[in-house]
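The values are calculated or read from the model by the stated rules, or taken from the named source; none is laboratory data. All of these numbers come straight from a predicted model, not from anything done at the bench. Neighbour counts run over all protein chains shown; Cβ positions are idealised from the backbone, glycine included. Side chains are part of the model used for accessible areas, which takes the heavy atoms of the whole protein and leaves out ligands, DNA and RNA. Shrake-Rupley method; radii C 1.70, N 1.55, O 1.52, S 1.80 Å.
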Amino acid sequence: MSEEAKVGDDSAAGRSGPDLERREILVPGGHGTAFAARAGQLVEIVDVEGQQVADFVAFAERNRTEWLSTTHTRSAILRLSVGVGDRLESNWRRSMFEILRDDVGRNDIITGMCDDRRYRLDYGVEGHRSCRTNFTEALAPWGIAEWQIPDPFNFFQNAPIHPDRTFGNEIPTGRPGDKLMLRTLMDAIVSVSACPQDLNPCNGFHPSPLMVRIIDPPGDVP
Ligand SMILES: [Zn+2]
């Protein structure tokens, strides 16, 4: 399970209001977390040790039938990947997040998440943790069931698209401390999985931690 801590934000000293705090969530490699993010808040995901994929899903807080959609984002931006300046769209064609910073520069919005069937059918491994397991566990407190979980945004995933339209699955290029920063545009329930895949190059064969920070502006944007 994730190790969660609320950390006071020294930069907020002198300001008032319960919202002026910074939350940090250290997600151990192979595990996941979920949290609420308000419109205007920044969500920072740090690849702590490098070469780690962050699977990312989100739902509109006010209506769980609206969720972050790779399909609708691809249709909106007419591209097969996302980067700085892109707005990530919901299945209702509304913007949920904007990418403000992308140190790695490689994000996959084509492939699905790993699940127990993937490990059982393709690798002959029973009981392997998966991103679907992580999302299901983390989102349970919000009443979100496994079948509701949409296809993820796979931040930091190195899935190069080749000229013949095939795409690869290579070791990520993320270095320790690389970050992705999102601006939240709609109150949302967010879940992040430090993908447990250790049987192919997806996470450099070694799942490792992610740090997630939820930052209230005005604040220092690293
Ligand atoms: Zn995974």
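Scan segment 149-220 for trypsin sites (Lys or Arg not before Pro) in coil per DSSP, keeping those whose Cβ has at most 14 other Cβ atoms within 10 Å, and list them by number. Could you put the intermediate results ahead of the total?
On the way: sites: 165, 179, 183, 213; in loops: 165.
When the trypsin sites (Lys or Arg not before Pro) of segment 149-220 are filtered for loop state and at most 14 Cβ neighbours within 10 Å, 165 remain.
Based on the Kirkwood radius over alpha-carbon pairs, what is the Stokes-Einstein translational diffusion coefficient of segment 127-167 at 4 °C with 1.567 mPa s viscosity, in µm²/s?
Once the numbers are plugged in, D ends up at 104 µm²/s.
Mind listing which trypsin sites (Lys or Arg not before Pro) in segment 94-130 are in a DSSP loop and have 15 or fewer other Cβ atoms within 10 Å? It would help to have the intermediate numbers written out before the result.
Working: sites: 94, 101, 106, 117, 118, 120, 129; in loops: 94, 106, 129.
Filter output for segment 94-130: 94.
Taking 0.36 nm per intervening residue step and subtracting the Cα-Cα distance, what contour gain separates residue 123 from residue 94 on full extension?
Working: separation 29, 0.36 × 29 = 10.44 nm, distance 3.81 nm.
Here the segment from residue 123 to residue 94 would lengthen by 6.6 nm.
Defining a contact as two alpha carbons under 8 Å apart and six or more residues distant in sequence, what relative contact order in percent does segment 44-99 show?
25 percent
Ignoring everything except DSSP H segments at least 4 long, calculate the 222 nm mean residue ellipticity for the chain; use -39,500 (n - 2.57) per segment, divide by total residues, nearest 500.
Result for the chain: -3000 deg cm²/dmol, rounded to the nearest 500.
Tell me the per residue accessible area of segment 71-182 using a 1.4 Å probe; a whole number in Å² is fine.
51 Å²
How big is segment 140-217 by the Kirkwood estimate over distinct Cα pairs, in Å?
15.2 Å
Normalised by the residues of the chain, what does the relative contact order come to in percent, with Cα pairs under 8 Å and at least six apart?
38 percent
If you scale each eigenvalue of the Cα gyration tensor by 5 and take the root, what three semi-axes come out for the chain, rounded to whole angstrom and sorted largest first?
Calculated on Cα positions only, the semi-axes equal 26, 19, 18 Å.
Segment 87-135 to segment 158-196: how many Å between their Cα centroids?
With segment 87-135 and segment 158-196 each reduced to a Cα centre, they are spaced 8 Å.
Taking every pair of alpha-carbon atoms in segment 179-220, what share in percent sits in each 5 Å bin, from 0 to the bin with the longest distance?
All Cα pairs considered, the percentages come to 5, 16, 22, 18, 14, 12, 9, 3, 0.
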